[in-house]
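The values are calculated or read from the model by the stated rules, or taken from the named source; none is laboratory data. This structure is a prediction, so every number in the text was calculated from the model and none was measured. FYI the Cβ positions are ideal-geometry reconstructions off the backbone, even for glycines, and counts take in every protein chain you see.
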Amino acid sequence: MRVWTISGCLLLLLAATVTAQQEQTARDPVTGKTIPVTERTRRILVNGKPVYFESAESEARFIKEPEKYLKEPLPCPVLGSTEPPSRDARLVVNDSLWYFCCGDCTGTALGQPGQYFKKLRDPVTGKEFTVTPDSPHLLHRGSRYYFATEESRDRFAADPGKYARIPSEP
């Protein structure tokens, strides 16, 4: 019995190693190319899910007109209804895109950020934190940024161009 347990563990370890070595790929929505996904692959979160890009150029084109490249309807984070992405019902939060079914839902999400955005990365420190209604925040070029600390917010406010990537307004 003990030999089987060790053999079983070795088989599981081997299977996990092979799976980890398989290359993850994604489709760049701008170029249509299938690209390898690594830690260094450019990405933007859309409704909490990553969208990957093969280059800075591709990412920049996407940022200018994301709705042009997002082909599938997305679920509204508030009501759950599935709608085509619309600029009119979009929020940019900590350089992530969030699409809602209507303006009322965007207002609901902003009023209860911890419920809809739960965990975000502080744009200054890069550390993940839990959003609360009291989290320090500010608007920059139409985009909303939440911070883990007031110190991070103040550093961002002193030099927003150093940290902000996606403007909501041109």
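Would a scan of the range 161-169 turn up a residue that is in a loop (DSSP other than H, G, I, E, B), among the acidic types (Asp, Glu) and over 23 Å from Val51 (Cα atoms)?
The answer is no, given that none of the residues of the range 161-169 is in a loop (DSSP other than H, G, I, E, B), among the acidic types (Asp, Glu) and over 23 Å from Val51 (Cα atoms).
If you go through the range 17-35 one residue at a time, do you hit one that is at pLDDT below 95 and hydrophobic (A, V, I, L, M, F, W, C)?
yes
Given the criteria in a strand (DSSP E or B) and touching a Lys or Arg at 6+ places or on another chain (Cβ under 8 Å), does Leu138 qualify?
Considered against the rule, which asks whether it is in a strand (DSSP E or B) and touching a Lys or Arg at 6+ places or on another chain (Cβ under 8 Å), Leu138 comes out as yes.
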